[in-house]
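Here's the structure, in structure tokens; my notes come after.
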Amino acid sequence: MLFPYDHYKTVIEPFTAYYPVGEETLAHQVLQSLDQAAKQLTALLHVDMPDFEVLLVNMDDWPLVPHSESEEVDSPHPYMTDLTTPATLVVPLEIDPIFGVVTPEKFAFMLYHELTVAYLEDDPRPWPDETPLWADEWQFKFIALWLAQKLNNVEGVVNKDGLEQYEEAFEPELDGKTPVTIRGFDWYEDTTPEEYLTYELLLEQFAADLLKRYNVSVISRFLSAYRVESKQFLSDQVTKMLADALGSGAEEWLEELVYF
């Protein structure tokens with residue numbers, strides 16, 4: 001069945017958005033957050049705002065949302081899909097409890113993450129064909145957290161409740177590293193939502209530690225090396241690119257991070 005757009009109201013500024021009757025306030029809040037973030041991303045990445053629409057979804061209609069992967073809808077949360085033309089940022093009215101208490105800052109952070117993905121996808125430079133999972137995903141988390149800190153006055157991480165709930169994930173084992181590391185994690189068919197969430201929390205802590213020590217401009221230096229024609233980048237190669245972007249002493253600092 002097709003999504004029942006005709007049951008939804010529409011606003012066209014600053015983006016085209018569809019929202020359920022009675023949710024006009026939330027729709028304008030979402031659009032305002034995206035508009036503010038888009039201005040920051042355009043200045044940072046020198047990429048024009050991507051073309052997309054926003055769909056705020058009543059949970060009764062959630063089974064009908066456009067999506068490409070089951071993971072996008074199994075645990076309701078904002079996600080960007082290119083299954084539509086233009087692309088659509090799909091935003092449920094209720095976020096899955098696995099993400100903890102959804103504060104305004106956490107909700108905005110989720111929106112920033114998907115907007116960042118859209119911006120980096122619109123960057124005309126090529127993506128390398130094959131890379132480790134973390135190589136792309138640290139970029140999204142890093143920029144999204146920078147936006148949350150800049151626009152929402154967040155200090156450190158956004159998901160403080162998640163870090164408390166999964167604090168054992170940050171406790172190093174005998175080898176000096178955490179049970180799961182950013183570079184060691186990969187996605188498999190039997191990966192659980194909780195396992196992936198733990199990895200996401202590790203990435204967010206990594207982004208917070210980077211932003212505490214370095215300026216956001218490191219992302220531009222990293223992208224200059226990373227967004228080139230290449231069949232494959234191995235994890236060690238990406239680590240070296242990141243260390244070079246960060247500057248003197250960074251390689252040693254990265255290796256000392258227990259979750260990296």
Structure-based [θ]222 nm, the chain - -39500 (n - 2.57) summed over DSSP H runs of at least 4, per residue, nearest 500 | -14500 deg cm²/dmol
By the Cα gyration tensor axes a ≥ b ≥ c (a/c under 1.5 gives rounded; else a/b larger than b/c gives prolate, otherwise oblate), the shape of segment 192-260 is oblate
Solvent-accessible area of His7 with every protein chain in place, 1.4 Å probe, in Å² to the nearest 10 = 120
Charge dipole (debye, nearest 20) of the chain; +1 at Cβ of Lys and Arg, -1 at Cβ of Asp and Glu = 1140
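Could you order Tyr259, Tyr214 so the one with the most accessible surface comes first? Probe is 1.4 Å.
Details: Tyr259 10, Tyr214 40 Å².
If we order Tyr259, Tyr214 from most to least accessible, we get Tyr214, Tyr259.
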Net charge, Val47 excluded, C-beta distance under 9 Å - Lys, Arg +1, Asp, Glu -1 = -3
Where in the chain are the DSSP H helices whose C-alpha atoms run 18 Å or more along the long axis and whose mean Kyte hydropathy is at least -1.0?
-> 24-45, 104-122, 133-151, 193-213
Return the carbon/sulfur percentage of the accessible area of segment 128-256, one whole number, probe 1.4 Å, all protein chains in place.
-> 46
Report the label-to-label distance for Asp51 and Asp35 in nanometres (one decimal), using points 7 Å from each Cα along the Cα→Cβ vector.
-> 2.1
Say each of Val11 and Glu229 gets a label point 7 Å from the Cα, pointing the same way as Cα to Cβ; how far apart are those two points in nm?
-> 4.5
For Glu53, Glu69, write out the residues from largest to smallest accessible area, computed with a 1.4 angstrom probe and no ligands counted.
-> Glu69, Glu53
Would you mind pulling out the separation of the Cα centroids of segment 71-150 and segment 30-63, in Å?
-> 10
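What does the charge count near Leu145 come to, summing +1 for each Lys or Arg and -1 for each Asp or Glu among other residues with Cβ under 15 Å from its Cβ?
Residues near Leu145 contribute -1 overall.
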Report the net charge of residues surrounding Pro132, where surrounding means a beta-carbon distance below 11 angstrom and charges are Lys +1, Arg +1, Asp -1, Glu -1.
-> -4
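Kindly work out what percent of the DSSP beta bridges joining two residues of the chain are antiparallel, to the nearest 5.
Restricted to the chain, the bridges split so that about 45 percent are antiparallel.
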So, how do all the Cα-to-Cα distances of the chain break down into 5 Å bins, in percent, from 0 on up?
-> 1, 5, 12, 17, 19, 18, 14, 8, 4, 2, 1, 0
Largest-first ordering by accessible area, 1.4 Å probe, given options Ser224, Ser75, Ser248, Ser217 | Ser248, Ser224, Ser217, Ser75
Report, by chain and number, residues whose modeled amide H sits under 5 Å from the one on Phe52, excluding near sequence neighbours (fewer than 5 apart, same chain).
-> none
With each label point set 7 Å from Cα along the Cα-Cβ vector, what nm distance links Gln165 and Asp82?
-> 3.1
Taking segment 112-167, which GluC sites (Glu not before Pro) meet the DSSP loop condition and have no more than 14 other C-beta atoms within 10 Å?
-> Glu130, Glu155
First check a/c for segment 97-197, with a ≥ b ≥ c the square roots of the eigenvalues of its C-alpha gyration tensor; if it is under 1.5, answer rounded, and if not, answer prolate when a/b is larger than b/c or oblate otherwise.
-> oblate
Given the candidates Gly247, Thr192, Tyr112, the one whose Cα lies deepest towards the positive end of the charge dipole of the chain, counting +1 at each Lys or Arg C-beta and -1 at each Asp or Glu C-beta, is Gly247
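The values are calculated or read from the model by the stated rules, or taken from the named source; none is laboratory data. Because the structure is a prediction, the values reported are computed rather than measured. Cβ atoms come from the backbone with ideal geometry, glycine included; neighbour counts cover every protein chain shown. In case anyone asks, the SASA skips ligands and DNA or RNA and just uses the protein heavy atoms, side chains included. Shrake-Rupley method; radii C 1.70, N 1.55, O 1.52, S 1.80 Å.
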